[in-house]
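Accompanying notes for the structure given below.
The values are calculated or read from the model by the stated rules, or taken from the named source; none is laboratory data. The structure presented is a predicted model; accordingly, all values stated were derived computationally and were not measured. Neighbour counts are summed over all protein chains in view; Cβ atoms, including those assigned to glycine, are modelled from backbone coordinates with ideal geometry. When the accessible area is computed, the model is the full protein with side chains, heavy atoms only, and any ligands, DNA or RNA have been set aside. Shrake-Rupley method; radii C 1.70, N 1.55, O 1.52, S 1.80 Å.
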Amino acid sequence: MDLTTHYMGLQLKNPLVASASPLSADLGNIRHLEDSGVAAIVLPSIFEEQIEAEMLHRETLTAVDLEHSPEASSRLPVSNQREPQQYLDLIRRAVEAVDIPVIGSLNGTTEEGWISYAKMIEEAGATSLELNVYFIPTDISLTGRDVEQRYLEILRAVRKAVDIPIAIKLGPYFSSMGQVAMEFVNAGADALILFNRFYQPDIDLTEPRLLNDLQLSKAVEIGLPLMWIAVLSGRIDASLAASTGVETSEQVLKYLLAGADVVMTTSALLRNGPRYVKELLAGTVSWLSKRDIESVSQIRGLLSQRNFRNPDSFGRANYMKILRGYDYTGSGTGN
Ligand SMILES: Cc1cc2nc3c(=O)[nH]c(=O)nc-3n(C[C@H](O)[C@H](O)[C@H](O)COP(=O)(O)O)c2cc1C
């Protein structure tokens, strides 16, 4: 069975990628992920604001403590003394420890930060770089174009600064996803990741108060990324990575059929551990084998929009057709 795939210029042994999360902050987990068969690993993002806050905290502590004791700096927490060195060390050690590509991930706050950390990640040996823009426009005076410009400015600045391939991790809230996807490709993105899963606080009704816990994703969430991958597949000159909602190999296969070059997973690995990669791959291979399909490339994009004679299959007309056949009697099945 030939599972190989190409992702932003890299040849991968299969389409399964461990996406950014605290799981890949640990060298032991990174090794387990490789042993279990994952094709590439994205490290957790380095967050510029976190580093700056820690450095500021350290400077403040040093300033206060130095008044009382000259050895103050030696008493500071170890982690604070090593940022961002700690992250760059993780890249170096991960690159040494495994044979699969190690992808760095960056979340900056200033243009200078995006550029300088991107350069450091490249120099530390990351195979490629993910830009985790993670921007939620809660300032309600911002226009859609303002948001797009922010992504584009970051991408252009980093593109100029580094030579390694760049993937941009997108949110799903652009008003014209196709057009903006093309702009990102023209600005130098080698891959688009659809989608980032933005934190959405819930409300606890007992107090009531905001609930700040993080929910892992469910398979039902693949709808939006699946649709946009199907629409973009074969239409843009960049790789497509699917992210969100992989619970089993079924979602991996659906994303491949829609046209994803790679399928990323975080929640499933946090839920089941790094060895769950084996199960995801085995399920994918089993489905393909049962149908005498010999390679992943045979199914990639088979159900993308451009492979439908009627492109409305993904649009309003199809929705209208479904509504016409919908069972409104409350019997529960839909149609
Ligand atoms: C605990 C946790 C930490 C994460 N940390 C990062 C991160 O550092 N950088 C990033 O780009 N995405 C991060 N993500 C998002 C994931 O990489 C992924 O895009 C998202 O969870 C959707 O995929 P999933 O449905 O397979 O979980 C994190 C997700 C979780 C659950």
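Observations
- Simple Cβ-charge dipole of region 181-335, Lys/Arg +1 and Asp/Glu -1, about Cα centre, in debye nearest 20: 480
- Using only side-chain charges placed at the Cβ, +1 for Lys and Arg and -1 for Asp and Glu, the dipole size of the chain relative to its Cα centre rounds to 1520 debye.
- Taking only protein heavy atoms and a 1.4 Å probe, the accessible area of region 117-170 is 51% carbon and sulfur.
- Region 213-335 - percent of accessible surface contributed by carbon and sulfur, probe 1.4 Å: 52
- A cut-off of 5 Å between modelled amide H atoms, ignoring neighbours fewer than 5 places along the same chain, links Ser295 with Asp2.
- 3J(HN,Hα) from dihedral phi, region 272-286, Karplus parametrisation 6.51/-1.76/1.60, rounded to Hz, x for glycine, proline: 10, x, x, 5, 5, 3, 4, 5, 4, 5, 4, x, 5, 5, 4
- Residue among Ala187, His6, Ser21 farthest towards the positive dipole end of the chain, charges placed on Cβ: His6
- Dipole of the chain, positive end: most advanced residue of Ile136, Gly178, Gln149 [Cβ charges, Cα centre]: Gly178
- The loop-placed trypsin sites (Lys or Arg not before Pro) in region 175-223, going by DSSP, that have at most 15 neighbouring Cβ atoms within 10 Å of their Cβ come out as Lys218.
- Using a probe of 1.4 Å, the accessible surface attributed to Arg300 totals some 60 Å² when neighbouring protein chains are kept in position.
- Neighbourhood net charge (12 Å Cβ-Cβ; Lys/Arg +1, Asp/Glu -1) for Asp190: -3
- The fraction of Cα-Cα pairs per 20 angstrom bin, counted from 0 for the chain, comes to 28, 55, 15, 2 percent, rounded to whole percents.
- Averaged over its residues, region 268-332 has an accessible area of 70 Å² per residue, based on protein heavy atoms and a 1.4 Å probe.
- Equivalent ellipsoid semi-axes, region 127-167, via Cα gyration tensor eigenvalues times 5, rooted, Å: 24, 11, 6
- Across region 160-177, computed HN-Hα scalar couplings (Karplus, 6.51 cos²θ - 1.76 cosθ + 1.60, θ = phi - 60°) run 5, 8, 10, 9, 5, x, 10, 10, 10, 8, 9, x, x, 9, 8, 6, 10, 4 Hz from first to last residue, x flagging Gly and Pro.
- Surrounding net charge for Ala260, when Lys and Arg each add one and Asp and Glu each subtract one, Cβ distance under 12 Å: +1
- Per residue accessible area in Å² of region 99-219, where ligands, DNA and RNA are left out and the probe is 1.4 Å: 50
- Checking the cross-link pairs Lys218/Lys254; Lys13/Lys218; Lys169/Lys218; Lys13/Lys119; Lys290/Lys321 against a 23 Å limit on the alpha carbon distance flags Lys13/Lys218; Lys13/Lys119; Lys290/Lys321 as lying beyond it.
- Highest mean first, the peptides 237-247, 320-330 sorted by other C-beta atoms within 10 Å per residue fall in the order 237-247, 320-330.
- The local environment of Leu142, defined by Cβ-Cβ distances under 13 Å, has a net charge of -1 under the rule Lys, Arg +1 and Asp, Glu -1.
- Which of Trp287, Trp114 is most accessible, then next, and so on - probe 1.4 Å: Trp287, Trp114
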